[in-house]
Amino acid sequence: MRKIILFMVMSLDGYVCGPNGELDWEIRDEEIGRYLIKDFLTTVDSMIMGRVLFEGFHQAWPAMAKDPKSPPDLVEFAHWVENSPKIVFSRSTKTLGWKNSRLITAKDDAEVIREIRKLKSEHGKDMIIFGGARMSQTLVRLGLIDEYRLKVQPIVLGSGQPLFKDIKDRRYLKLIKSKIFDSGVVALYYQPIKK
């Protein structure tokens, strides 16, 4: 069965973006990108995202793939994003207009759970969620994440959108891998433990 991997940037105090969705505090450098992207490209073949993140990706990645000033590793990743299946959950969008994109309309938690279970049972490699606060919060709350890959930044924001929102019970995780980067960013890989 395919896994759902959540790949998310996070502040030390647990926020995935600032109060207005800003990510201007994220450290991005070649060392981090080279390690983390290469790591998931071996096991992942498709993406899951909400409408807002999809629109941002659609605006950014095709342009990055064609920009001669883009670093080669980002161009390679941009082509992967362009060519990989993109599964978009949205209640408001009717059409997507980007190749390899598939729309899923789920009206409530039960439909989200049913659709994710269907996706997990399909043939293919693992699926990745690159963030998007609301979509990620929903899948975390519903217990649908099979692996967390958190890119913890050396910053305390004080406020913003938390990843672990509306969690009613304890969640136990097992650390399966970690990596410290020169910038102070720490990559933490966790698997949920069923108790």
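The values are calculated or read from the model by the stated rules, or taken from the named source; none is laboratory data. Since this is a predicted model, take the numbers as computed values, not measurements. Backbone-built Cβ (ideal geometry, glycine too); neighbour counts: all protein chains shown.
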Selection within the range 144-179 - within 15 Å of Glu26 (Cα to Cα) and of a type in the set (Val, Ile, Thr): Val152, Ile155, Val156
Quick one: which strands (runs of 3 or more DSSP E) lie wholly within the range 117-195 and hold at least 3 residues that are surrounded by fewer than 19 Cβ atoms within 10 Å (Cβ to Cβ) and among the charged types (D, E, K, R)? 172-180
Can you tell me how many residues in the range 121-144 are in contact with a strand residue (DSSP E or B) (Cβ under 7 Å, 6 or more places away or on another chain) and under 20 Å from Ser84 (Cα atoms)? 11
Given (1) touching a residue at least 12 places away in the same chain (Cβ under 8 Å); (2) out of contact with any strand residue (DSSP E or B) (no Cβ under 9 Å at 6 or more places or on another chain), identify the lone condition not met by Ser159. (2)
Consider Val81 against the criteria (1) at pLDDT 90 or above; (2) in contact with a Phe, Trp or Tyr (Cβ under 8 Å, 6 or more places away or on another chain); (3) surrounded by fewer than 18 Cβ atoms within 10 Å (Cβ to Cβ): it satisfies all of them except one. Which criterion is unmet? (3)
Limited to the range 45-81, what total is found for residues that are within 17 Å of the chain's Cα centre (by Cα) and among the small types (Gly, Ala, Ser)? 5
Pick out the one residue from Asp67, Asp29, Asp24, Asp73 that is modelled with pLDDT of 90 or more, surrounded by fewer than 15 Cβ atoms within 10 Å (Cβ to Cβ) and either farther than 23 Å from Asp182 by Cβ or not aliphatic (A, V, I, L, M) (or both). Asp24
Of the listed residues (Arg114, Arg149, Arg134), the one being free of Cβ contacts under 8 Å to residues at least 40 places away in the same chain and of a type in the set (D, E, K, R) is Arg114
